[in-house]
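The values are calculated or read from the model by the stated rules, or taken from the named source; none is laboratory data. Values in this document were obtained by computation on a predicted structure and should not be read as measured data. Don't worry about glycine lacking a Cβ; one is built from the backbone with ideal geometry, like all the others, and counts go over all protein chains shown. These accessible areas exclude ligands, DNA and RNA; they are computed on the full protein's heavy atoms, side chains included. Shrake-Rupley method; radii C 1.70, N 1.55, O 1.52, S 1.80 Å.
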Amino acid sequence: NSRTKFIKLVENEIKLAKSGEPAKIVLKLNSLQDEELIRLLYQASNEGVVIRLLVRGICCLVPGIKNQSENITVISIIDRFLEHSRIYLFGNDGDEKLFIGSADWMKRNLSHRIEVVAPILDPENFKIVKAILELQLRDNVKSRIIDAKQKNEYVKNDKAPLQSQLAAYA
């Protein structure tokens, strides 16, 4: 039932955005290929949901397209350690919902396999997992911006260098 749950979570963010409430989705995946969920993310973007994706490998979603995905940013981090963590964060009107699991957003994972997705309910563990996700989203050494032109250039900014894997594992 992972697909059904993810659809409901994204639809909730769309509903919030339509009613003028802040809405956000942050996903860390290895691959994003499922057409149904990609279409739903495009719809969410068009309704004003702010979507940040960290996709290490295959990403079939095209970010930054006017009237399609202008509220979606995608980065990819390839570094020394091969990471397989999947983290799913939904704004949920300020009562954030955070999950970890094994499922990439691929048809094979959501329709043809048994995958495990679990909510993070313990407040301390919630803080830790969210902090790791936020740390990776701030990476400006190994992080590449995935864009419509497929330039995949490294993130550049004036902030002090932050290599998220070194910071997380130090």
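Descriptive notes on the structure:
- Looking across region 110-130 at every residue that is free of Cβ contacts under 8 Å to residues at least 12 places away in the same chain and farther than 25 Å from LEU162 by Cβ, the one that is surrounded by the most Cβ atoms within 10 Å (Cβ to Cβ) is identified as ARG113.
- Hits in region 34-48 (condition: crowded, with 20+ Cβ neighbours inside 10 Å and assigned to a loop (DSSP other than H, G, I, E, B)): ASP34
- First in region 47-59 and farther than 12 Å from GLU13 by Cβ, second anywhere and part of a strand (DSSP E or B) and of a type in the set (Lys, Arg), Cβ under 6 Å, 6 or more apart: LEU54/LYS28
- Given (1) over 16 Å from the mean Cα position of the chain (by Cα); (2) buried (at least 20 other Cβ atoms within 10 Å of the Cβ), number of the condition ASP104 does not satisfy: (1)
- Set side by side, the residues LEU166, LEU133, LEU98 differ, and just one is at pLDDT below 90 and surrounded by 15 or more Cβ atoms within 10 Å (Cβ to Cβ), which is LEU166.
- Enumeration of residues in region 142-152 that are under 20 Å from VAL62 (Cβ atoms) and open to solvent by less than 100 Å² (accessible area, probe 1.4 Å): SER143, ARG144, ILE145, ILE146, ASP147, ALA148, ASN152
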